[in-house]
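*Asks:* The structure that follows is given in the form of structure tokens.
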Amino acid sequence: MIKRTLRAPSCAFSCVALAVFATVAQAETSPYYLGASLTRGHDSNVFRLPGYLDPQSDSFTTATLLAGFDQPISRQRVYTNLELRRQRFDDLSELNNTGHKLAAGLDWETIENYSGSIAAGSERALASYSIPRLGQDALRELNIKRERTFNASVQRGNLRNDLQIFGAFNTRDTDYSSDAFRFRNNKRYAVRVGTRWHRNDLLTLGTAWVEARGKYTSADIEYTSHAIEFTGEWKPSSVSGIDGRIGYEQRSYDNAAAQRDFSGVTGLLRWHWEPTGKLAFTTSLVRDADDSERLVDPGTSDLTIAGSRVTNSLILEAVWKATAKVSVNANYHYSDRTLTNPTLAALDTRGNDKTRQASLGVAWAATNSISFGCNVGRETRSSDSNLSFPFKANTASCYVQALLK
């Protein structure tokens, strides 16, 4: 058992050492990269349970292999990024898992005014236990989330043109391994067409029409969505910028889930402010009526909201570049969700919960190839129905990463 527990960290350390050695010998920049990272962390409430259900804490180790390339070819660009992960818990060995994250794509441009992109992605990872689940207050089993995405877009016009016309198509297929989460398995297809008006470097306005079709595959519930969006980007000064969107959406489900029907305004307002070259702040206000499990881009937020009818959120992010090699980041997320449950009559059909997340991290780029970092965080939730559950959790982690480029 001890040998198995140490195998992943030992492998990761070997990979890091190999990357360090190869990096020293590498003098030229390459479109390819290869590396590894090792993370050691602790979670005070792994299953995100209320206090009366005896929350369990545990420490974990995650070893990751990294590989990819980014290659321009004339006017085109081809890229791929791959992560292979092995995660092991000290005590909760039933949660040990192997995961991956793969992204590949092509950005293309013609000699005229046409451009676009094609991208596909796949991810397998341990799902967040903070996602509301129906009929299971105390889930203590492995739950793997799998997601596959595809996106394609085309645009006529560029930044030299006042008017740009665009169209996009995307798909997303999400499923969970645990029976308690399978009612959230979701497939979605969407088409987006619109225009952007680029007046100058200070102002861009746009409008788009969005048509979407989806299905909760396990519950056999289908839905359709129609929406119109207005977007804008404004840069009033060299240190400040505002962007956002406001839209009106009508979403309807089949007869078995009519309580999920939604008609209303959604939107995002985001303000970027860089008062100095070392400080950067981002403030976001979001109103969302989600049909899956996503609030904003995962690269900037970890708020997952499957089952939410309407969510109002405040997101604060700050970055301080203390030195050329050391940076500090702080984040605060607050979300107020209106939940709905049209599938299980034994539970409440409506409810609300409020979630607060705060984190503080520091990263050190020791060399061009070696970096270290640590993060601490706290997450709490309050709830007024059995569609969700209150909890408190503290997290801490540190990592080391090496990349050969």
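*Asks:* Roughly how many whole Å is it from the C-alpha centroid of the range 66-131 to that of the range 217-254?
*Replies:* Spelled out, the Cα-based centre of one part sits 24 Å from the other.
*Asks:* Where only protein heavy atoms count, and the probe is 1.4 Å, what is the accessible area per residue for the range 61-116 in Å²?
*Replies:* Numbers: 3090 Å² over 56 residues.
Per residue, the range 61-116 has 55 Å² of solvent-accessible surface.
*Asks:* Can you give the local net charge around GLY105? Use residues other than it whose beta-carbon is closer than 13 angstrom to its beta-carbon, Lys and Arg +1, Asp and Glu -1.
*Replies:* Details: positive: ARG77; negative: ASP70, ASP107.
With Lys, Arg at +1 and Asp, Glu at -1, the net is -1.
*Asks:* Compute the relative contact order of the range 72-181 as a whole-number percentage, counting only Cα pairs closer than 8 Å that sit 6 or more residues apart in sequence.
*Replies:* On the way: 215 pairs, mean separation 23.8, N = 110.
Here the relative contact order equals 22 percent.
*Asks:* Starting at 0 and stepping by 5 Å, how many percent of the alpha carbon pairs of the range 57-149 end up in each bin?
*Replies:* Going out from 0 Å in 5 Å bins, the range 57-149 shows 3, 11, 16, 15, 14, 11, 9, 7, 6, 4, 2, 1 percent.
*Asks:* Under the 0.36 nm per residue contour assumption, what length would be gained going from the current alpha-carbon distance of HIS100 and ARG199 to full extension? Let's see the in-between values first.
*Replies:* Working: separation 99, 0.36 × 99 = 35.64 nm, distance 4.22 nm.
In short, 31.4 nm is gained.
*Asks:* With a sphere of radius 15 Å drawn around the Cβ of GLN76, what net charge do the other residues whose Cβ falls strictly inside it have (Lys, Arg +1; Asp, Glu -1)? Intermediate values should be presented prior to the final figure.
*Replies:* Numbers: positive: ARG75, ARG77; negative: ASP70, ASP107, GLU109, GLU112.
Residues near GLN76 contribute -2 overall.
*Asks:* Still on this structure: In terms of Cα to Cα distance under 18 Å, which aspartates and glutamates are near enough to LYS405, apart from those fewer than 8 places away along the same chain?
*Replies:* GLU28, ASP70, GLU83
*Asks:* Here's something else I'd like to know. Taking a cut-off of 13 Å between Cα atoms, list the aspartates and glutamates near LYS321, but don't count ones fewer than 8 places away on the same chain.
*Replies:* GLU274
*Asks:* Another one. For VAL376 and ASP179, compute 0.36 nm times the residue count separating them, minus their Cα-Cα distance, and round to one decimal in nm.
*Replies:* Numbers: separation 197, 0.36 × 197 = 70.92 nm, distance 3.12 nm.
Extra length from VAL376 to ASP179 when fully extended: 67.8 nm.
*Asks:* To continue, here is another question. Which whole-number value in Å³ per residue fits the convex hull of the alpha carbons of the range 142-224? Write out the running numbers ahead of the final one.
*Replies:* Details: hull volume 9.1 nm³, N = 83.
Cα convex hull per residue, to the nearest whole number: 110 Å³.
*Asks:* Straight distance only, please: which lysines reach the Cα of LYS145 with their own Cα at less than 22 Å, same-chain residues fewer than 8 apart left out?
*Replies:* Within the straight-line cut-off, LYS145 pairs with LYS101, LYS187, LYS215.
*Asks:* With a 1.4 Å probe and every protein chain kept in, tell me what percent of the accessible surface of the range 46-110 is carbon plus sulfur. Mind dumping the intermediate values first?
*Replies:* Details: 1830 of 3300 Å².
Its accessible area is 55 percent carbon and sulfur atoms.
The values are calculated or read from the model by the stated rules, or taken from the named source; none is laboratory data. If you're wondering where the values come from, they're calculated on a predicted model, not measured in any experiment. All Cβ positions, even for glycine, are placed from backbone atoms using ideal geometry, and neighbour counts span all protein chains on display. We work out accessible area using only protein heavy atoms, side chains counted, and drop any ligands, DNA or RNA first. Shrake-Rupley method; radii C 1.70, N 1.55, O 1.52, S 1.80 Å.
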